[in-house]
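The values are calculated or read from the model by the stated rules, or taken from the named source; none is laboratory data. Note that this is a predicted model, so its numbers are computed, not measured. Virtual Cβ from ideal backbone geometry, glycine too; neighbours counted across all protein chains shown.
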Amino acid sequence: MVINYSPIEDKHNEFDISKLLVPAKDHLPKWYSEMKADYYSPNVRTCASFVELFNNSLLFVSPGKWWLDFNEQGFNSDGDDVSKTHIGLSSHTFGEGTDQLGDFDKGFHNIKIDVNFIIKSTLGRYDAIYMDTFYWNTRPRFRAAQGILPILDNKEVQPNVNIWVPKMIDRLEFNTGDTIALLYFPMGTPELKRGEVLITEREREGGDYIAKMRKCPYGYE
């Protein structure tokens with residue numbers, strides 16, 4: 001399966017998707033990579049659950065160095081040029097608006113990490129599942145929001161990663177390559193190919209992508 005992607009803005013030809021998405025199988029957790037497979041005394045190296053997870057996932061990683069400071073009014077952020085080229089930040093828990101999270105849990109800040117590219121399937125629907133990177137960082141200061149990313153062939157989408165940050169934390173810092181979220185592909189990891197993916201107008205104000213999902217099957221006969 002091929003997923004086409006296109007940068008939203010790339011004035012100086014500096015965008016590189018491999019700074020955001022990397023194969024999990026090439027960046028295994030240290031504890032896992034150091035464990036030896038033992039077929040006489042089974043462990044996670046011979047467990048289909050772990051093998052499937054690492055073989056069919058992409059890691060969403062920090063493209064550079066950046067940080068977040070939280071306060072009662074919201075958050076401040078800055079980072080290096082690489083981070084600014086690849087990501088943008090917003091929130092569902094600060095400010096007024098209709099795209100809010102309601103009463104989910106008042107003990108967390110939400111940070112929405114928007115990426116500087118859009119994607120589109122070449123044929124049919126292809127799903128990714130957002131997961132935590134617990135196996136890479138067992139003492140995280142934030143959690144990645146779980147959810148489904150349906151990738152369609154009849155409508156482009158800009159992926160984003162939402163993280164939950166406990167309100168007791170005042171500052172988050174990210175270094176290049178830090179794991180942020182895991183994208184698991186039940187149908188196998190797709191090939192990401194740079195192409196001409198165009199941004200099209202919405203046909204309706206709300207529920208536009210859900211309507212497109214109903215028209216895009218998982219595969220064609």
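Quick notes on this structure:
- Scanning region 105-117 for residues that are at pLDDT 95 or above, crowded, with 18+ Cβ neighbours inside 10 Å and in a strand (DSSP E or B) gives I113, V115, F117.
- Of the strands (runs of 3 or more DSSP E) lying entirely inside region 1-92, the ones with 1 or more residues being polar (S, T, N, Q), under 22 Å from E196 (Cα atoms) and out of contact with any Cys (no Cβ under 9 Å at 6 or more places or on another chain) are found at 2-7.
- For V51, the criteria (1) under 17 Å from the mean Cα position of the chain (by Cα); (2) over 18 Å from N160 (Cα atoms) hold in every case but one, which is (1).
- The conditions of being touching a Ser or Thr at 6+ places or on another chain (Cβ under 8 Å) and at pLDDT below 95 are met by F75.
- For region 1-50, the candidate set comprises residues that are modelled with pLDDT under 95 and of a type in the set (A, V, I, L, M); within that set, the residue that is surrounded by the fewest Cβ atoms within 10 Å (Cβ to Cβ) is A48.
- Note on region 156-177: residues that are charged (D, E, K, R) and buried (at least 16 other Cβ atoms within 10 Å of the Cβ) amount to 1.
- Among the conditions (1) over 18 Å from the mean Cα position of the chain (by Cα); (2) closer than 21 Å to P140 by Cβ, E72 misses just one, which is (2).
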